[in-house]
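The values are calculated or read from the model by the stated rules, or taken from the named source; none is laboratory data. What you see is a predicted model, and the numbers here were worked out from it, not measured in a lab. With ideal geometry, Cβ positions are generated from the backbone for all residues, glycine too; neighbour counts draw on all protein chains shown. These area figures cover heavy atoms from the full protein model, side chains too; ligands, DNA and RNA do not enter into them. Shrake-Rupley method; radii C 1.70, N 1.55, O 1.52, S 1.80 Å.
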Amino acid sequence: MIFACAALALVGAVRLIRLRGRERLDLAGALAASALLVALAGGPVSDAIFDRGGSAATVRAAWEPDVAHLLPFHQTGPALIRVGVIPLVAIGALAAYRRRSWGLGFLTAAGAVGLLEAQLLQSQIPWHDDRILWLAHAVAMIGALAGIGALVSAWRKPTHRRLAMVLVALLILLPTGLPRAVAGVHLAFKDLEVAGSGHHYRDRMLWGWEIEASWELYAWLQRSLPTEARLLTTRPHISVSAAGVASPLSHRDHQLFIGTRSTWVYQDALRYLHRDDLSEMGITHLHLTDAMAADLLPSARRLLDDAGHFRLLADIHTDSGGRHRVFEVMPGAGTTELAPTSFRALRQLVPQNTPVTTLGSPHPLQQLVVMSAFADHDIRQSSISLTAERATRMPQIQTVAALPQHGVVVLGEPLEPTALGVSRSEAIWSGHGLRAYDLAASWSTVWRIGPFHARLPGPQRTVCASAGGEIDLHLLGEPGTRVTAGSTEITLTGLPQVVQLTAPDCGRLRLSADSGIAPFAQIRPHHKVVSVDSGAPIAGLGFDGGVDGERAVLNFWYRNPEDIAFTTSTEFRLYEASPLGVDLHPENPNPRADSLRWWPGPVALYAPEQVARIEFDARRLEINGDTGGGAASSLTPGQTYLLTLNVAGTDPRSGLAEIQHIVPLARVVVGETGVAYEVLSGVVTIEHHAPGSISQRTGDDGGLAKGAILSPH
């Protein structure tokens, strides 16, 4: 958009000299409209210019020309040639001059300016550099093809026109249809029909850029690996369609290739190279990129240097700068160490007769991975989607219409499951961007402990009565505050803490606190704490609230007693909720970009202490009278929404926003005549992670709760 408008400005400047009166005003208006489109358009350059999402530092101006971009021809695969931007611009310029066409002149100028922009602007996000060049190439190609057509139209002899039509057809077919046909024939000769002919065309179109960038690898795989090879790779769809190499995503009893639907054993194998995973998949060869090697556990990475496990066959450096190593997997290869973040560890944790539920998040594709790990269990979902192609062996899935009360629930890593009463800090397992929770550890809703001895509120007293005399209290209050519970005195630390108590008579239990700020408290039957400990510094957040007329009211109390220098910030977001209202809708792939509305958060995490109160009006989409930002102007009747508090930062490496924590605060149900609120409450542990550290985590982080043993439910 930017270089197209720049080209339009160049053409317009020339035209303005020759135009008169009203024509000049019309063209000036067109140029102004193009400038407005630049301001409103998305993309890496315009985002950086207008600092959308803090992305100003991701693009810099520097004259660092890439010689490959300036070549007239570039080899992009075996016997495949791509014409460079410069010859295309030359063809368009010739046609524009010969046919006196300002339209062709515009397209040609746009391609030339785009090529110049690609050399002048450098992005910290690597593929964005190529993205700018691709746009320039596309515009120049359109100009060249239109120019060829304009030149051919001037030819008078029918023979010349037919010849031109044949040449144009070959120009289109040679780099597109012919390679796909060759790949299909090659697969047929290898007796490998794994995804249907449609997938060969689809994959070639969707992943053409990757094939071109790494064609040396796929050419080597095609000519060097035996027919019976089974390759473990992060790009199985390309290895199959481009090289004809079997690239399994599952056990041997599942489909060999299932599109983008992977399974737990495949994801584990990529990250941990466990001996059992490699054996169960029948892996004979390993394709390793630098990114995959960085994600491996250190114990797995060390085995790559042991020829008794993995024998290096090829170390390929492509023209695009990528490095690809191919290993032969020797008999018995792989680590025997069970990674605590692996799905295999989670499978060992969950007893056979324990229900496993996925709700909303994770994304449906991740839900399929979870289902593949528990195909022999009682699997429950709030909705069933994307299961038809999962595998030849389907699990039994039960659709649930209400929140689960027992078993294990698997949710996305950033989500605080306040709607389930479970604490994110008490996850029994974490890995692969997921967390698993034992619903037996659910807490009651929050109440506040006042200065006078008072009985438990009714709902909390009911929970206490079901505990059989042993209870846990979840507390958050001012450091040094003394909480008296019966005959027990508890000193608060300013951080969330769990205390076990004996309460044989819940009706007679009295609690009080000697602080001006009433501590937040939750209760549950005693449950052994076996949560995953990330080791990160923490702060505490307590919140509760209610409904005041047409508004939801929320109260926040935040304490950072260790004065952690948080670099992340808080913000409110409004999302469409999952079917049961526990978390975000499962088809929301980007919580930072795809919220309906957003507002500044109430808490500065670096502060030692903060108290805040907000009023949310869902009809007007306002928080304390502030309309915030976002495209939504109203909510849809019949839908359920979630108001959340997010902890987010900016990854300094990529400049992209990274959400570390999503805390649901209230459900919003929109009816035909009004809005209904369900205000949630909780005591939340806020972990300190530097922006970018979440995406850099390897299998050493998170993991399995120490000593975690689940009882059958």
Select from the range 207-222 the residues that are assigned to a helix (DSSP H, G or I), at pLDDT 80 or above and touching a helix residue (DSSP H, G or I) at 6+ places or on another chain (Cβ under 9 Å) and list them in ascending order. 217, 218, 219, 220, 221, 222
When the range 283-316 is examined, which residues are found to be of a type in the set (S, T, N, Q) and open to solvent by 30 Å² or more (accessible area, probe 1.4 Å)? 284
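Residues checked against (1) farther than 16 Å from residue 234 by Cβ; (2) in contact with a Gly (Cβ under 8 Å, 6 or more places away or on another chain):
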site: 270; (1), (2): no, no
site: 276; (1), (2): yes, yes
site: 281; (1), (2): no, no
site: 287; (1), (2): no, no
site: 298; (1), (2): yes, no
site: 303; (1), (2): yes, yes
For the range 315-332, name all the residues that are at pLDDT 95 or above and either out of contact with any strand residue (DSSP E or B) (no Cβ under 8 Å at 6 or more places or on another chain) or hydrophobic (A, V, I, L, M, F, W, C) (or both). 326, 327, 329, 330
How many residues of the range 427-486 are open to solvent by less than 30 Å² (accessible area, probe 1.4 Å), over 30 Å from residue 369 (Cβ atoms) and among the aliphatic types (A, V, I, L, M)? The answer is 10
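Every residue, every condition in (1) β-branched (Val, Ile, Thr); (2) at pLDDT below 95; (3) surrounded by 18 or more Cβ atoms within 10 Å (Cβ to Cβ), yes or no:
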residue	(1), (2), (3)
542	no, no, yes
549	no, yes, no
562	no, yes, no
573	no, yes, yes
603	yes, yes, yes
So, residue 484, is that one in contact (Cβ under 8 Å) with a residue 24 or more places away in the chain, part of a strand (DSSP E or B) and within 29 Å of residue 686 (Cβ to Cβ) or not? yes
Given the criteria under 15 Å from residue 358 (Cα atoms) and outside any strand (DSSP E or B), does residue 419 qualify? yes
So which residues in the range 602-652 are assigned to a strand (DSSP E or B) and of a type in the set (Ser, Thr, Tyr), if there are any at all? 640, 641, 644, 650
Could we say that residue 476 is closer than 29 Å to residue 628 by Cα and in contact (Cβ under 8 Å) with a residue 24 or more places away in the chain here? no
Do we have residue 198 as at pLDDT below 75 and of a type in the set (Gly, Ala, Ser) here? yes
Looking at the range 263-344, what helices (runs of 4 or more DSSP H) fall wholly within it and have at least 2 residues that are more than 30 Å from residue 67 (Cβ to Cβ)? 264-272, 275-281, 298-303
Unmet criterion (only one of (1) over 23 Å from residue 321 (Cβ atoms); (2) at pLDDT below 85) for residue 204: (1)
Only unsatisfied item for residue 522, checking (1) in a strand (DSSP E or B); (2) modelled with pLDDT under 95; (3) more than 29 Å from residue 345 (Cα to Cα), is (2)
Just to be sure before I move on: is residue 357 surrounded by 15 or more Cβ atoms within 10 Å (Cβ to Cβ), touching a Gly at 6+ places or on another chain (Cβ under 8 Å) and either without any contact (Cβ under 8 Å) to a residue 40 or more places away in the chain or of a type outside the set (A, V, I, L, M, F, W, C) (or both) in the structure I sent? yes
The range 508-530 residues that are touching a residue at least 24 places away in the same chain (Cβ under 8 Å) and open to solvent by 50 Å² or more (accessible area, probe 1.4 Å), paired with ones that are of a type in the set (A, V, I, L, M, F, W, C) and part of a strand (DSSP E or B) (beta carbon under 7 Å, 6 or more apart): 510/454; 517/557; 526/471; 529/498
Can you pull out the residues in the range 487-498 that are assigned to a strand (DSSP E or B) and open to solvent by 30 Å² or more (accessible area, probe 1.4 Å)? 488, 489, 491, 497, 498
Is at least one residue of the range 584-591 under 17 Å from the mean Cα position of the chain (by Cα), modelled with pLDDT under 95, over 16 Å from residue 663 (Cβ atoms) and open to solvent by less than 20 Å² (accessible area, probe 1.4 Å)? yes
Do we find a residue being among the hydroxyl-bearing types (Ser, Thr, Tyr), touching a Lys or Arg at 6+ places or on another chain (Cβ under 6 Å) and modelled with pLDDT of 80 or more anywhere in the range 243-251? no
